[in-house]
Amino acid sequence: MTEIFVLVEHRQGKIREVTYELLGWGERWIGQQEGRLTALLLGYGVKELAEELSMRAPRVLVVEDERLKDFNSIYYQRVLSSLLSRYQPLLLLMGHTAYGMELAPSLSVELDLPLATDCIDLSFEGRQLKALRSIYGGKINAHVTLKESKTYMITLRPGIFPPKMPEEKKGTIVIEPSPIQETTERKRFLEYIEAPLTGEDISQAEILVSVGQGIGGPEHLPMFEELAKSLGGMISCSRPVVDRNWLPKERQVGISGKTVKPKIYIAVGISGAFQHVTAIKGSDTIIAINKDPRAPIFGVADYGIVDDFQNVIPLLKEKVKGMK
Amino acid sequence: MNIIVCVKRVPKTAEADLFIEKDGKDIKKDHLVFALNDWDSYAVREAVLIKERYGGEVMAITVGPEDSKEVLTRCLAMGADRALRIEEPPCFDALLIAKILARVIQGQPFDLILTGVQTEDDGWGQVGVSLAQLLGIPHASIVNRIEIENGKARVKRELEGGLEELLEVRLPALFTIQTGINEPKYVSLAAILEAEEKEMKEVGLEELGWTSMESLYATLDQVSFPPAGKMAEILKGSPEEIVNQLTEIIKKKKG
Ligand SMILES: Cc1cc2nc3c(=O)[nH]c(=O)nc-3n(C[C@H](O)[C@H](O)[C@H](O)COP(=O)(O)OP(=O)(O)OC[C@H]3O[C@@H](n4cnc5c(N)ncnc54)[C@H](O)[C@@H]3O)c2cc1C
Ligand SMILES: Nc1ncnc2c1ncn2[C@@H]1O[C@H](COP(=O)(O)O)[C@@H](O)[C@H]1O
């Protein structure tokens with residue numbers, strides 16, 4: 001029987017959405033064949049989470065230990081390596097997230113299991129796993145074959161697979177004893193640090209004029225500010241703009257910034273990396289201005305302009321003056 | 001504090017036209033501009049800042065072709081003390097890179113290893129954390145602050161949605177560095193000239209006792225352009241005409 005393990009991501013008492021995307025993918029893949037999908041829930045005091053998961057996974061395997069309360073990859077790795085050695089599933093799926101990126105590579109080295117990270121699709125040819133990866137900033141796809149193995153490890157890109165929806169039918173919950181014996185001082189979780197609450201909240205904006213690295217430098221910002229103002233919107237940005245201190249962190253859109261859902265999102269000089277794009281999918285209309293016709297942002301935008309922003313924005317700014 | 005930084009020379013593709021080689025195994029690279037991987041330049045800067053605060057040495061290491069020496073020179077100009085280039089195996093395999101790095105690093109004294117979170121080209125986000133496991137040292141990934149005290153590091157990891165977590169990690173350790181952790185410093189011409197004087201070593205794979213060049217986990221079958229799928233409606237015409245269309249769209253969608 002084919003068995004797929006999905007690592008459940010949860011933080012501060014909540015299951016993270018990517019978990020349901022992984023379960024959705026696993027369920028579709030198992031489809032008609034004889035197989036079993038199991039969600040692995042590692043934590044402490046997670047009964048309620050297990051119940052919640054059992055609405056979306058046929059089987060939930062729970063390991064509870066005080067040391068699994070917060071995510072410390074050393075303890076997670078200890079538990080997973082014991083579970084994988086014992087059950088030898090065909091596949092362990094994780095998200096390509098702050099969880100998966102911290103854990104998957106070291107686990108794969110420990111157990112000598114082939115791993116492909118940040119995958120956007122998977123298929124099997126016999127027992128051989130083929131992975132599709134998006135490389136060169138999303139402009140190229142790489143078709144990869146993993147070395148044949150009893151068990152494969154994959155981290156899937158978040159935000160691209162439809163999540164598994166809850167069902168009436170309840171899955172079984174199986175409790176496993178914790179294999180953790182020693183407490184380690186090598187790595188300790190201390191605390192979470194919340195993003196500070198600041199003045200303007202871009203996640204509430206109806207119109208966002210969002211600038212990326214492609215605007216070249218902060219000298220162009222006043223023009224974009226003015227445009228945003230005329231439209232009754234706010235200015236937001238991609239990550240490199242914050243990294244370079246052109247705009248403050250609270251303006252950043254993306255997985256490590258804010259998720260936005262404006263009526264209109266205008267992306268200027270933004271290439272469309274998944275870490276950015278995942279967080280704008282709730283926008284009603286996306287307009288992209290980019291001089292590269294192959295920029296991945298055009299794959300998610302509704303309207304596109306292929307040009308240097310300097311040919312377009314000054315004209316647009318004049319045109320919409322007083323439009324608000 | 002002896003710090004090793006792992007760096008890679010990568011092609012800058014965000015604004016470039018890309019073409020695929022005849023054998024379908026890679027993109028054409030002749031017309032591309034190469035530079036230090038963005039994440040790695042933050043890692044090098046961080047290593048130099050830590051050295052300035054706590055003393056010690058910074059060594060930059062790359063596994064790459066002859067041309068990679070130019071990014072090593074850049075690292076030296078940014079303040080690294082020594083550099084090492086290891087010959088590159090023909091592969092598309094993060095584990096193999098990590099294993100080669102581990103083999104070389106095992107013979108060096110170090111307290112801290114820094115890598116980037118990911119490369120701009122292959123983007124595995126895998127080499128750093130694999131390397132830590134190979135060396136048997138603890139790690140933290142996506143790090144955006146490091147403070148060191150009494151043989152321990154307090155590091156901040158970036159999670160999702162603006163949330164961060166604070167960890168304490170015992171040294172020696174490996175951290176994968178996130179962009180924005182520090183402010184890049186302008187590299188002067190004088191610094192580049194000075195860099196030419198610093199130690200840059202090269203080592204072949206055979207010298208390392210490396211015989212098998214086979215990919216360990218993953219082989220690349222082919223590359224392709226992503227299928228067009230749903231594409232934006234591209235507005236056409238002169239800039240004036242485009243802006244007129246755009247204004248109409250904005251008016252309509254604004255409600
Ligand atoms: C763990 C992690 C978390 C991350 N979180 C986020 C996040 O929250 N948000 C985020 O945005 N990124 C995030 N990133 C970074 C992400 O991977 C990309 O590096 C980033 O989104 C790229 O930003 P960009 O599109 O502005 O720049 P680039 O990718 O450099 O793109 C610039 C674009 O501008 C275009 N351009 C250049 N000049 C012009 C011109 N004159 N006119 C018009 N167009 C022009 C180019 O064609 C190009 O497409 C994260 C990465 C990691 C690893
Ligand atoms: N060929 C290489 N030589 C040295 N370091 C590398 C190499 N490839 C990757 N790295 C390091 O590992 C990090 C992550 O790379 P990757 O796993 O390819 O995304 C990079 O930011 C570098 O610090």
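The values are calculated or read from the model by the stated rules, or taken from the named source; none is laboratory data. Fair warning: this is a prediction, and the values are worked out from it, not measured in the lab. So basically every Cβ, Gly included, is an ideal-geometry build from the backbone, and we count neighbours across all protein chains shown.
Would you point out which residue out of A:G26, A:G13 is surrounded by fewer than 18 Cβ atoms within 10 Å (Cβ to Cβ) and either under 19 Å from the mean Cα position of the chain (by Cα) or more than 30 Å from B:F175 (Cβ to Cβ) (or both)? Going through A:G26, A:G13 in turn, the sole match is A:G13. A search for C-beta distances below 6 Å between a residue of region A:213-240 that is on the phi > 0 side of the Ramachandran plot and any residue that is not aromatic (F, W, Y), counting only pairs 6+ apart in sequence or on different chains, returns A:G232/A:K324. Would you check if there is a residue in region A:131-142 being among the basic types (K, R), buried (at least 17 other Cβ atoms within 10 Å of the Cβ) and not in a loop (DSSP other than H, G, I, E, B)? There is at least one residue in region A:131-142 that is among the basic types (K, R), buried (at least 17 other Cβ atoms within 10 Å of the Cβ) and not in a loop (DSSP other than H, G, I, E, B). Only residues that are within 7 Å of chain A (Cβ to nearest Cβ) and more than 9 Å from ligand 1 (Cβ to nearest atom) were counted in region B:116-130, giving 6. So is A:F189 in a helix (DSSP H, G or I) and either away from chain B (no Cβ under 14 Å) or of a type outside the set (D, E, K, R) (or both) or not? No.
Across region A:33-88, the qualifying residues are those that are surrounded by fewer than 15 Cβ atoms within 10 Å (Cβ to Cβ) and of a type in the set (S, T, N, Q), and the one among them that is nearest to A:S106 (Cα to Cα) is A:S85. Per the listing A:P114, A:P105, the residue uniquely closer than 27 Å to B:G24 by Cα, within 11 Å of chain B (Cβ to nearest Cβ) and buried (at least 18 other Cβ atoms within 10 Å of the Cβ) is A:P114. Answer yes or no as to whether A:A267 is surrounded by 19 or more Cβ atoms within 10 Å (Cβ to Cβ), within 21 Å of the chain's Cα centre (by Cα) and farther than 18 Å from B:I250 by Cβ. Taking the combined requirement at face value, the residue does not satisfy it. Condition test on A:R127, is it of a type outside the set (V, I, T) and within 16 Å of ligand 2 (Cβ to nearest atom)? It is false that A:R127 is of a type outside the set (V, I, T) and within 16 Å of ligand 2 (Cβ to nearest atom). Considering each of B:L171, B:L135, B:L163 in turn, give the residue that is without any contact (Cβ under 8 Å) to a residue 12 or more places away in the chain, of a type in the set (A, V, I, L, M, F, W, C) and surrounded by fewer than 23 Cβ atoms within 10 Å (Cβ to Cβ). Answer to the selection: B:L163. Could we say that A:F124 is assigned to a strand (DSSP E or B) and facing another protein chain (nearest Cβ under 9 Å) here? Against the criterion (assigned to a strand (DSSP E or B) and facing another protein chain (nearest Cβ under 9 Å)), A:F124 does not qualify.
Among the residues of region B:61-84, is any closer than 26 Å to B:A218 by Cβ, within 16 Å of ligand 1 (Cβ to nearest atom) and in contact with a helix residue (DSSP H, G or I) (Cβ under 6 Å, 6 or more places away or on another chain)? No: region B:61-84 contains no residue that is closer than 26 Å to B:A218 by Cβ, within 16 Å of ligand 1 (Cβ to nearest atom) and in contact with a helix residue (DSSP H, G or I) (Cβ under 6 Å, 6 or more places away or on another chain).
In the set B:V104, B:V48, B:V63, only one residue is among the aliphatic types (A, V, I, L, M) and touching a Gly at 6+ places or on another chain (Cβ under 6 Å); that residue is B:V48. If we scan region A:78-87, do we find a residue that is farther than 17 Å from A:K150 by Cβ and in contact with a Leu (Cβ under 9 Å, 6 or more places away or on another chain)? The answer is yes; a qualifying residue exists.
Counted as qualifying within region A:234-324 are the strands (runs of 3 or more DSSP E) with 1 or more residues that are within 10 Å of another protein chain (Cβ to nearest Cβ), at pLDDT 95 or above and touching a strand residue (DSSP E or B) at 6+ places or on another chain (Cβ under 6 Å), namely A:264-268, A:285-290, A:303-306.
Of all residues in region A:208-264, exactly one satisfies the criterion of being away from ligand 1 (no atom under 11 Å from the Cβ), farther than 25 Å from A:M323 by Cα and of a type in the set (D, E, K, R), namely A:E250. Note on region A:169-195: among residues that are within 29 Å of A:L122 (Cβ to Cβ) and modelled with pLDDT under 95, the one that is surrounded by the fewest Cβ atoms within 10 Å (Cβ to Cβ) is A:K169.
B:A102 meets all of the listed conditions (1) crowded, with 21+ Cβ neighbours inside 10 Å; (2) more than 14 Å from the chain's Cα centre (by Cα) but one, namely (1).
The strands (runs of 3 or more DSSP E) found wholly in region B:17-123 include none carrying at least 1 residues that are free of Cβ contacts under 8 Å to residues at least 12 places away in the same chain and in contact with a His (Cβ under 7 Å, 6 or more places away or on another chain). So B:M200 fits all but one of (1) of a type outside the set (K, R); (2) at pLDDT 90 or above; (3) on the phi > 0 side of the Ramachandran plot; what number is the exception? B:M200 satisfies all of (1) of a type outside the set (K, R); (2) at pLDDT 90 or above; (3) on the phi > 0 side of the Ramachandran plot except (3). If you scan region B:1-16, which residues turn out to be part of a strand (DSSP E or B), buried (at least 24 other Cβ atoms within 10 Å of the Cβ) and more than 14 Å from chain A (Cβ to nearest Cβ)? Within region B:1-16, B:I3, B:I4, B:V5 meet the criteria.
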